[in-house]
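The values are calculated or read from the model by the stated rules, or taken from the named source; none is laboratory data. Since the model is a prediction, treat every value here as computed from it, not as a measurement. Note that we place each Cβ from the backbone using ideal geometry, even for glycine, and neighbour counts take in every protein chain shown. Heavy atoms of the whole protein, side chains included, go into the accessibility calculation; ligands, DNA and RNA do not. Shrake-Rupley method; radii C 1.70, N 1.55, O 1.52, S 1.80 Å.
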Amino acid sequence: MSQNPDKLNSSEEKLSALEEDEEESLDNSDQSVRKRIRQSAPGSHRGDTPKSSPSRPVSIEELMETAKGVTNMALAHEIVVNGDFQIKPAELPEHSLEKKVRDIVHKAFWDCLDAQLKEDPPTYDHAIKLLGEIKESLLSFLLPGHTRLRSQITEVLDLDLIKQEAENGALDISKLVKFVIGMMGTLCAPARDEDIKKLKDINDIVPLFRAIFSVLDLMKMDMANFAVSSIRPKLMQQSAEYERKKFQEFLEKQPNSLDLVTKWLQEAADDLAKLGHEMLPPHCNDGATGGASALCFTAVQNQAYLKLLKWDHVNRPFPETLLMDQTRFLEMQLELEQLLVVGTVLLVTFSAAGPALIDVPGFADRIKTIVKVLLTGMHLPSFNLKESLATVGEKVCAEVNSCLSQHGFTPFSAEREAVLKGQIQAVASPDNSISKLVDSRIQKFLENYLASSHQKSLPAIPGGLGPIQRELEEIAAKYIRLVNYNRMVFSPYYDAVLGKILTKEESQIVGKSEES
């Protein structure tokens with residue numbers, strides 16, 4: 001199992017140098033992105049880095065300009081690789097000074113509005129300003145073709161006319177608010193229908209105004225998130241070119257910035273050579289110079305990407321071209337480690353129960369839920385896997401016996417229960433043969449997934465992994481999205497490095513054949 005991610009050290013200095021001494025020049029959104037970059041780049045170990053010529057000094061101006069570029073690049077990168085990326089409202093900490101100040105200011109504003117409306121006759125200065133803001137918000141939701149709606153909003157929320165009505169005591173504020181709510185219902189996403197319905201139940205004008213602005217904020221975020229999903233395909237290519245350009249600028253300032261990438265790809269090539277693979281698959285015509293034993297560029301890269309899911313994040317620095325995604329690879333690694341335990345327990349359970357429970361609807365999901373709940377916090381230092389698996393064994397045996405009884409089968413004897421509990425508890429051992437088998441099948445599935453990522457058909461789930469198919473495919477989809485985007489951005493650099501590595505590999509193979 002991988003070490004606890006909370007123990008990760010400081011980042012590889014090559015990227016973190018870009019992020020120092022300039023925080024005050026960035027706005028809040030930039031700082032949040034930069035924070036993620038820092039978190040995603042653990043493990044500085046200079047001793048592991050191949051020696052190279054020292055880089056030239058970089059001025060503060062260059063540093064700040066480059067850091068700003070890295071921040072923008074990280075935001076575009078987040079949108080592209082995170083299929084679930086969404087803009088969300090900023091939430092201040094509950095007892096923070098900022099929240100207290102904001103609440104005081106908001107209360108003062110709404111109290112002032114309430115006081116104005118209770119005057120005799122009412123004063124509508126604040127209310128008219130709010131109607132003007134509402135009008136601008138509604139107009140911002142319209143598309144160019146919404147001519148009729150634009151005319152309606154402009155006509156009904158005519159601020160000059162509203163001011164005249166207020167001065168003459170003829171303003172019907174409730175009528176205007178009713179129009180606003182109706183227009184919001186027309187323009188909002190279906191997910192906001194319930195919020196619009198709640199607005200209609202509010203009778204007091206001040207709470208109603210507050211609720212209207214709250215829903216308008218949600219509608220603005222819906223619109224922004226729709227825009228993000230719409231631009232993602234176009235952004236992908238542009239972002240890839242942008243990241244490549246920024247990395248090239250960084251590379252020119254730090255000439256040794258591909259040392260870790262070189263080491264990572266070299267290890268992958270060595271792994272394949274040790275396995276005795278003769279790599280020139282039919283789809284792989286981008287290899288070195290040819291020859292039956294020449295290692296294929298694609299095969300080496302696939303092996304390298306697989307290594308990232310078994311990475312020692314505490315003791316090894318991450319390849320430079322993948323630093324922004326290190327947190328994502330670590331999260332997937334931890335998910336896979338938990339899924340390995342879940343899959344092994346399920347395989348052991350079904351093997352013990354025989355064919356009786358295989359087709360029982362919902363049985364596998366119940367067992368899976370039990371195991372996942374009991375493995376919560378699995379990667380925390382205080383977590384005791386062996387003790388948790390002992391509890392899992394008790395719960396699983398109880399569930400198995402209950403299910404067997406319900407479907408007319410004989411429940412487990414005490415001896416069979418003891419055997420199943422022992423097999424489940426044995427999963428905690430790193431040498432457990434069943435766990436190793438499940439792990440090898442998971443890795444093989446991911447390897448096949450990588451190889452078929454350019455094809456429409458996806459690889460079949462290996463035997464025994466059926467109960468965890470959905471979870472495995474979800475992780476694989478996230479993994480492939482990251483890998484494919486990384487290839488798109490950095491393939492020129494990988495090709496250059498692999499050209500040298502594979503030429504050397506081939507010359508060594510030729511030399512050995514001549515000696516023999």
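Values as computed for the structure displayed
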{"read-out": "Extension gain from S351 to R470, taking 0.36 nm per residue of separation minus the Cα-Cα distance", "value": "40.8 nm"}
{"read-out": "Where the range 325-498 is the region considered: accessible area per residue in Å², 1.4 Å probe", "value": "45"}
{"read-out": "Efficiency of FRET between K163 and K118 - r from beta-carbon atoms, R0 22 angstrom, step 0.05", "value": "0.65"}
{"read-out": "Rounded to the nearest 20 debye, dipole of the range 325-498 from Cβ charges on Lys, Arg, Asp, Glu", "value": "220"}
{"read-out": "Three semi-axes of the equivalent ellipsoid, the range 97-230, Cα gyration tensor, whole Å, largest first", "value": "25, 21, 13"}
{"read-out": "Filter on K307/K436; K263/K310; K253/K504; K88/K175 - keep pairs with C-alpha separation over 25 Å", "value": "K253/K504; K88/K175"}
{"read-out": "HN-Hα J in Hz across the range 154-169 - Karplus 6.51, -1.76, 1.60, θ = phi - 60°, x for Gly and Pro", "value": "5, 6, 6, 9, 6, 5, 4, 5, 5, 5, 4, 5, 5, 5, 9, x"}
{"read-out": "Overall dimensions of the range 325-498 as given by Cα atoms, namely Rg and Dmax in Å", "value": "18.6, 65"}
{"read-out": "Dipole in debye (nearest 20) - the range 320-366, about Cα centre, beta carbon charges: Lys, Arg +1; Asp, Glu -1", "value": "240"}
{"read-out": "Mean accessible surface per residue for the range 97-230, computed with a 1.4 Å probe while every protein chain stays in place, in Å²", "value": "61"}
{"read-out": "Accessible area of the range 135-206 belonging to carbon and sulfur atoms, whole % at 1.4 Å probe", "value": "49"}
{"read-out": "Which of G408, V392, V419, positive extreme of dipole for the range 325-498 (C-beta unit charges)", "value": "G408"}
{"read-out": "Residue-span extension gain [L437 to A170] - 0.36 nm each, minus C-alpha spacing", "value": "88.1 nm"}
{"read-out": "Estimated FRET transfer efficiency (A191, S491; beta-carbon r; R0 56 Å; 0.05)", "value": "0.90"}
{"read-out": "Neighbourhood net charge (12 Å Cβ-Cβ; Lys/Arg +1, Asp/Glu -1) for W110", "value": "-2"}
{"read-out": "Nearest-0.05 FRET efficiency for H106 and V360, computed from C-beta distance (R0 56 Å)", "value": "0.50"}
{"read-out": "Euclidean distance of C-alpha centroids, the range 364-389 and the range 306-344, integer Å", "value": "19"}
{"read-out": "Segment D271-D125, extension gain: residue separation times 0.36 nm, minus the distance between their alpha carbons", "value": "45.1 nm"}
{"read-out": "Share of carbon and sulfur in the accessible heavy-atom surface of the range 295-405 [1.4 Å probe, %]", "value": "55"}
